[in-house]
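The next block holds one structure in the form of structure tokens; read it before the comments.
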Amino acid sequence: MLAEMGKWGAVSSWDFRSALIDTPAPVIDLDIAERNIVRAQAICDNAGVANRPHIKTHKSVFLGRLQLKHGAAGITCQKLGEAEIMAAAGFNDILVSYNILGRAKHRRLATLNEKTVLTVSCDNAVVARDLSTAVSGGAKPLKVLVECDTGRHRCGVTSPTAAAELAGVVNALPGLAFSGLLMYPPNGETAQTRSFIDEVRTLCAEAGLSLETVSAGGTPNLAWAGQFGESEFRAGTNIFNDRQMVSLGACAPEDCALFVYATIVSHPEPGRVMIDAGSKTLTSELVGFGDYGELVDYPGASLYRFAEEHGFVDVSGCKTLPEVGEIVRVLPNHICPLVNLYDEIAYLRDGELAGRFAIDARGKVN
Ligand SMILES: Cc1ncc(COP(=O)(O)O)c(C=O)c1O
């Protein structure tokens, strides 16, 4: 039987019945995505910080333009390849929040720096020297932010002294312009990040360097935008949200804009049904969950195993059972790697299929 309308809204089945969309397929509710864009912009505006959304989540020119239209100051990319796609589409203020390293990237980096206002982050002197080699001799300097680890323990220098030292190294290298700091703070940890940044600011001032830009980010941190001592904020996942963001309390269920629609293709034994979405459709991301996604129309169902094109669903805990042929929605655990699986994605307006847009930077991982 068709699932009841619950906190997730109704299954938008018209487009499937009329065969406009086939399953399995990710489908974006563009009304929800746009509401998320507008909300992030309002949060940044109210906090007095520039909004620089991270496009690694949507990888789409169409959505990047929508973010600019609603007031974003520029965009963030994770990889040079993403930035090349966005620059070719006319984006003219791009931050690449990644250590760019290796001779194969030199010419690309130099070309991109001529084409757009480009800023990159860097957390060590090897990368800084490599950036300098790539761009020195160019028409304009490359803007560089020193990446600071204020507690997430991924990349980033781990002390204010090391940050100020690296700022000095960057500043002295030909072709580079030290422009400030970048951090990806641990969720909700404002005080630690703020005092780190304040200390770097003091040390840099003593060396005659100023922090033009201080860039912070992360969807779970949007609630604290403006409190990290930042001048700009980078959120990515918030445009679509996902099961992880709901469980972290970073969004409400109704803020989720992307579901994978799948068909129940088999009911081989009591308590188990099979959907036509496996690891090639949904990715195998668990991000701490015990199963591969939430079947929002069937509370109690568990998508507990994958083959490449099959999803195994335990429905023994469900009050009602889906029927073979029925379409169900899966809320992905982690939306960003999933989007990267698709060349284009269909979207709804007012609950009905309104078009498709390209995932232009799909697969651009270097
Ligand atoms: C450097 C950087 N900035 C910002 C973000 C955006 O974080 P979120 O996707 O939680 O919004 C990420 C996510 O990976 C990131 O790596």
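What follows draws every value from the coordinates through simple rules; no lab data is involved. Quick caveat, the model's predicted, so the values are computed rather than measured. With ideal geometry, Cβ positions are generated from the backbone for all residues, glycine too; neighbour counts draw on all protein chains shown.
The figures follow:
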item: Normalised per residue, the volume of the convex hull around the Cα set of the range 86-147 (Å³); result: 73 Å³
item: Span from the the range 117-142 Cα centroid across to the the range 147-224 one, whole angstrom; result: 17 Å
item: Shape box of the range 310-349 [Cα atoms, principal axes, largest first, Å]; result: 35, 23, 19
item: Computed E for Asn46/Asp22 - FRET, C-beta separation, R0 45 angstrom, nearest 0.05; result: 0.60
item: Over the chain: helical MRE at 222 nm, DSSP H runs n ≥ 4 each giving -39500 (n - 2.57), nearest 500; result: -8500 deg cm²/dmol
item: Isotropically averaged projected area of the range 179-317, using the convex hull of Cα atoms (one quarter of hull area), nm²; result: 10.2 nm²
item: Relative exposure of Val260, Val200, Val38, Val246, judged by other C-beta atoms within 10 Å (fewest first); result: Val38, Val246, Val260, Val200
item: Gained length - Glu309 relative to His106, 0.36 nm times residue gap less alpha-carbon distance; result: 69.1 nm
item: Cα-Cα separations in the chain greater than 39 Å, expressed as whole percent; result: 22 percent
item: Violating pairs (Cα-Cα greater than 19 angstrom) within the set Lys69/Lys105; Lys115/Lys143; Lys59/Lys79; result: Lys69/Lys105
item: Per DSSP, loop trypsin sites (Lys or Arg not before Pro) in the range 163-268 with at most 14 further Cβ within 10 Å; result: none
item: Theoretical gain in end-to-end length, Ser266 to Glu114 [0.36 nm per residue, Cα-Cα removed]; result: 49.2 nm
item: Reach of Lys140 by Cα under 19 Å, taken over aspartates and glutamates that are not fewer than 8 positions away in the same chain; result: Glu84, Asp93, Glu114, Asp130, Glu212
item: Under Karplus coefficients 6.51, -1.76 and 1.60, residue-wise ³J(HN,Hα) of the range 35-49 in Hz, glycine/proline x; result: 4, 5, 4, 5, 5, 4, 5, 5, 4, 5, 4, 5, 7, x, 10
item: Coordinate range along principal axes, alpha carbons of the range 289-366, Å, largest first; result: 42, 33, 19
item: The chain: most fluctuating residue of Ala207, Ala277, Ala33 per GNM, C-alpha cutoff 10 Å; result: Ala207
item: Packing-based exposure ordering (other Cβ within 10 Å, fewest first) of Lys319, Lys79, Lys56, Lys140; result: Lys319, Lys140, Lys79, Lys56
item: Lys, Arg +1 and Asp, Glu -1 on Cβ, resulting dipole of the range 136-282 about Cα centre, debye, nearest 20; result: 300 debye
item: Computed label-point distance, nm, for sites Ser247 and Leu286 using a 7 Å Cα→Cβ extension; result: 1.1 nm
item: Residue list for the range 34-65, given a label point 7 angstrom along the Cα-to-Cβ vector of Ala73 and an amide N cut-off under 11 Å; result: 45, 48-53
item: Rough spin-label spacing in nm, given labels placed 7 Å along Cα→Cβ, for Asp198 and Ala139; result: 4.3 nm
item: Evaluated at q = 0.14, 0.15, 0.17, 0.19 Å⁻¹: base-10 log I(q)/I(0), Debye formula over Cα of the range 31-239; result: -0.78, -0.89, -1.14, -1.37
item: Column: log10 I(q)/I(0), Debye, Cα scatterers of the range 115-225, q = 0.12, 0.21, 0.22, 0.24 Å⁻¹; result: -0.39, -1.08, -1.15, -1.30
item: DSSP beta bridges in the chain [antiparallel fraction, %, rounded to 5]; result: 50 percent
item: Over 16 Å [Cα-Cα, the range 254-322], rounded percent; result: 43 percent
item: GNM flexibility winner over the chain from Ile21, Ile335, Ile327 (Cα, springs under 10 Å); result: Ile21
item: Volume per residue of the C-alpha convex hull in the range 45-124, rounded to whole Å³; result: 97 Å³
item: Convex hull per residue volume in Å³, alpha carbons only, for the range 161-261; result: 114 Å³
item: Gaussian network model of the chain, Cα within-10 Å springs - most flexible of Ser179, Ser159, Ser231; result: Ser159
